[in-house]
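Notes follow the structure.
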Ligand code: KG4
Ligand code: ZN
């Protein structure tokens, strides 16, 4: 034990993630080694309602988090007093959950006299690629992040810690939200993305000529609500009962193909915008639950190849909501002396651009 402690370069950071429906904690040291990580999905709690219910999420975080934090510290073999800091996602996200995680982090920081970090959840996704060992040769700034999850869909120029520029994003639904809504129309459970992908594998993607919203438009904004409506119009005449398996599979495949086409087109525009900002830029990082989709990954891979970019996707457990990314973002911030005040109030809305300014003013 003593030797293990000695071997640690610098004390680790505890990270907490409660911004949506994952209760997660992780202990990560300053070299990016994950000493322990736990993620508890609340999928079961919300599936009944076909989506995340904020009040249920907040109560579930409150129920799970204290034991989980104790557990993750024990697994890491770290005492609270040995930590270099405590971090929690402080936004954007559902306010109830953000309060639960932030109060827990602040309580530990206050009791132990440790630095506290109010981590922007989007920045945590953005900096994940810099975890040592994840991207061959590291992920030096700047790089392009394409974040596609249930709540977010945006392209970001990641130019430094606290230095991010949103190049574009969805004007209506997030990509995962579109998958979930179409899955619902097809009678699949929630969250629908993985089930829709499985169904699409048996379908004919050429059966339905669905729209490709935003395709070819300047910039890298996205839109998915028209696509969802187009699917609804195909489903409606097929009757109110369960769809025939082949009909559902063809719709799923056609929808997935349309999303993949749009994603690839938008990513190409984003890469060009990125290169215009910095000719040296050549890395595309994809993250968020939708990045687990093989058809979308393949389309993005091809787009990256065409633009001379290298595409990397962190492993799915680091791509979806997790606390390793929160702890790692805090490690990056700690190295720069960017510590937050305990008075920091969680922010349901917290755009990436506000980061530098919010750090500068207490
Ligand atoms: O990043 P994530 O786990 O959580 C947040 O939304 O923050 O993303 C979940 C979203 C859901 O909308 C889910 O349906 C979608 O990602 N998703 C997928 C796949 N796996 C998860 N969408 C398409 N294909 C998948 N294989
Ligand atoms: Zn997220």
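Give 295, 276, 304 a once-over and let me know the one that is surrounded by fewer than 23 Cβ atoms within 10 Å (Cβ to Cβ) and in contact with a helix residue (DSSP H, G or I) (Cβ under 8 Å, 6 or more places away or on another chain).
Details: 276 fails: in contact with a helix residue (DSSP H, G or I) (Cβ under 8 Å, 6 or more places away or on another chain); 304 fails: surrounded by fewer than 23 Cβ atoms within 10 Å (Cβ to Cβ).
When all the criteria are applied, what remains is 295.
Listed here are the residues, each with its yes/no results for (1) within 14 Å of ligand 1 (Cβ to nearest atom); (2) more than 19 Å from residue 220 (Cα to Cα); (3) at pLDDT below 95; (4) under 17 Å from the mean Cα position of the chain (by Cα).
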residue: 104; (1), (2), (3), (4): no, yes, no, no
residue: 114; (1), (2), (3), (4): no, yes, no, no
residue: 142; (1), (2), (3), (4): no, no, no, no
residue: 147; (1), (2), (3), (4): yes, no, no, yes
residue: 150; (1), (2), (3), (4): yes, no, yes, yes
residue: 154; (1), (2), (3), (4): yes, no, no, yes
residue: 158; (1), (2), (3), (4): no, no, no, yes
residue: 168; (1), (2), (3), (4): no, no, no, yes
residue: 172; (1), (2), (3), (4): no, no, no, no
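Looking only at region 159-178, how many residues end up being in contact with a helix residue (DSSP H, G or I) (Cβ under 7 Å, 6 or more places away or on another chain) and within 15 Å of ligand 2 (Cβ to nearest atom)? Working first, answer last.
Taking region 159-178 first, the residues in contact with a helix residue (DSSP H, G or I) (Cβ under 7 Å, 6 or more places away or on another chain) are 161-164, 167-168, 172-173, 175-176, 178.
Remaining after also requiring within 15 Å of ligand 2 (Cβ to nearest atom): 164, 175-176.
Here the count works out to 3.
Counting the residues of region 184-197 that are under 16 Å from residue 250 (Cβ atoms) and near ligand 1 (Cβ under 7 Å from one of its atoms) gives 2. The condition of being surrounded by fewer than 19 Cβ atoms within 10 Å (Cβ to Cβ), in contact with a strand residue (DSSP E or B) (Cβ under 7 Å, 6 or more places away or on another chain), farther than 30 Å from residue 334 by Cα and touching a residue at least 40 places away in the same chain (Cβ under 8 Å) holds for only one of 176, 187, 219, that being 219.
Considering 200, 232, the condition of being within 10 Å of ligand 1 (Cβ to nearest atom) and either farther than 22 Å from residue 271 by Cα or buried (at least 22 other Cβ atoms within 10 Å of the Cβ) (or both) is satisfied by 200 alone. Listed here are the helices (runs of 4 or more DSSP H) enclosed by region 245-327 that have at least 3 residues being under 21 Å from the mean Cα position of the chain (by Cα) and closer than 24 Å to residue 171 by Cβ: 245-277, 294-307. For residue 12, state whether it is buried (at least 18 other Cβ atoms within 10 Å of the Cβ) and more than 16 Å from ligand 2 (Cβ to nearest atom). When the stated conditions are applied, residue 12 passes them.
Going by what's in this entry, would residue 41 be described as within 16 Å of ligand 2 (Cβ to nearest atom), surrounded by 14 or more Cβ atoms within 10 Å (Cβ to Cβ), under 17 Å from residue 324 (Cβ atoms) and modelled with pLDDT under 95?
Numbers: within 16 Å of ligand 2 (Cβ to nearest atom): yes; surrounded by 14 or more Cβ atoms within 10 Å (Cβ to Cβ): yes; under 17 Å from residue 324 (Cβ atoms): yes; modelled with pLDDT under 95: yes.
Yes.
The values are calculated or read from the model by the stated rules, or taken from the named source; none is laboratory data. Because the structure is a prediction, the values reported are computed rather than measured. As a convention, Cβ positions derive from the backbone with ideal geometry for all residues, glycine included, and neighbour counts pool all protein chains shown.
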